[in-house]
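Peer 1: Provided herewith is a single structure, encoded as structure tokens, for subsequent inquiry.
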Amino acid sequence: MRLTTRRIASTGAAMAIAVTGLLLGAGASPAFAATSCYANSCSGLNPATTTCANDARTIQTSSFGVELRYSPSCRATWARRTSGMNGVGDTISIWNSSSDFNALHVPADASGSYYTLMVNDADIKSRACDVVDSYGGVSCTDWF
């Protein structure tokens, strides 16, 4: 009887250690990390230096190629351009319906990704816009 009790105790202890290891491992994973900002506290922050970029997705793309990016965990949006305008500089911007605004000038020789700082998107709408410097053409996403 004592041997059976020891086996049960040993098995129970091993299971407890395994579960604790799984829980601790999951807590350290970026997918389970707490958000670094939320809604209005994200306004003016760089999405790349927060956890907001982890679950971000492109909601819409304007006819000039500027993307409206959205993070559901942060409830924030920003504008992104992933390449230049082929020798033409432009300014990308993000707006929300509470008049928050951030913009970034993308140089004519740009390559890679450029993005604005974030704005709040909790229970309000946002849109991304692109203005081509040389002729003032404007292209915006729909409100999201």
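The values are calculated or read from the model by the stated rules, or taken from the named source; none is laboratory data. Everything numeric here is computed off the predicted structure, so don't read it as measured data. Cβ sites come from the backbone with ideal geometry, for glycine too, and all protein chains shown count toward neighbours.
Peer 1: Hand me the list of strands (runs of 3 or more DSSP E) wholly inside region 57-144 holding 1 or more residues that are out of contact with any Cys (no Cβ under 8 Å at 6 or more places or on another chain).
Peer 2: 57-61, 67-71, 76-81, 90-96, 101-106, 126-132
Peer 1: If you don't mind, another one. Can you find even one residue in region 107-116 that is over 15 Å from TRP143 (Cα atoms), crowded, with 22+ Cβ neighbours inside 10 Å and modelled with pLDDT under 95?
Peer 2: No, every residue in region 107-116 fails to be over 15 Å from TRP143 (Cα atoms), crowded, with 22+ Cβ neighbours inside 10 Å and modelled with pLDDT under 95.
Peer 1: Being crowded, with 17+ Cβ neighbours inside 10 Å and touching a residue at least 60 places away in the same chain (Cβ under 8 Å) is the filter here, so list the residues in region 62-77 that pass it.
Peer 2: Within region 62-77, SER62, PHE64, VAL66, GLU67, LEU68, TYR70, THR77 meet the criteria.
Peer 1: For TYR135, which of the numbered conditions (1) buried (at least 21 other Cβ atoms within 10 Å of the Cβ); (2) without any contact (Cβ under 8 Å) to a residue 12 or more places away in the chain fails to hold?
Peer 2: (1)
Peer 1: Among the residues of region 34-60, which ones are among the β-branched types (Val, Ile, Thr) and within 13 Å of SER126 (Cα to Cα)?
Peer 2: THR58, ILE59
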